[in-house]
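The structure appears right after this line, and notes come after that.
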Amino acid sequence: MSDTAPAATLAHVALVSHVVALLQAAPPVAQRVSRRFGRPVPEGIADAVGVAVGDSAGKALLCSGAPLDWTCLLDLSCAARADAGQAADEAVGALVVRVHRRLRSAESIAGLRAAGFELMPDLRLRPDDDDLAERIGAVNLSLSVRWRGADDDLSFIQT
């Protein structure tokens, strides 16, 4: 393993890049889809999704050189600006549904599997609008993802 590159993040970087591309594919699920977006949502942006890897846990077999089986939380920060007469939670609810449907589509699941990742059936929703304006709703959507990685550099192994 080379000490020149941060190999420990390779699978995480690949996962985030793949999910961002899935959510940006035409038609994009939101006006802005990126790796973690900054808050607050800028004026002129109706909705945004930020993608990042949360907690990760690797489980190794007892012998050295065996692959690690990883499970991580894929965190999707969803924020949407409400239209006149619309509640902020309704606006962000519609965005969360679009994100979830896109990631659960047969095409997305096949693409994730082809890239070496398996999207698990569990999900978590957590309202997150404490620091946002009254007209903006926010929800964090977390999905579990698994992959198999090498024991020496934490990158993933195609299986």
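For the stretch 7-149, build the charge dipole from Cβ charges (+1 Lys, Arg; -1 Asp, Glu) around the Cα centre, then report which of SER108, LEU15, ALA66 sits farthest towards its positive end.
Of the listed residues, the answer is ALA66.
For GLU107 and ASP122, calculate 0.36 nm times their separation in residues minus their Cα-Cα distance, and state this gained length in nm to one decimal.
Here the segment from GLU107 to ASP122 would lengthen by 3.5 nm.
Considering the options ASN140, GLY85, PRO127, tell which one lies farthest towards the positive end of the dipole of the stretch 82-149, charges being +1 on Lys and Arg and -1 on Asp and Glu at the Cβ, about the Cα centre.
Farthest towards the positive end: ASN140.
Counting each pair of different Cα atoms once, what's the Kirkwood radius of the stretch 7-149 in Å, rounded to one decimal?
15.9 Å
Could you give the length gained by full extension between GLU43 and ALA57, i.e. 0.36 nm per residue of separation minus their alpha carbon distance, to one decimal place?
Between GLU43 and ALA57, full extension yields an extra 1.3 nm.
Any read-out appearing in this document is the output of simple, stated calculations on the displayed coordinates, not a laboratory observation. None of the values given here were measured: they were computed from a predicted structure. Backbone-built Cβ (ideal geometry, glycine too); neighbour counts: all protein chains shown.
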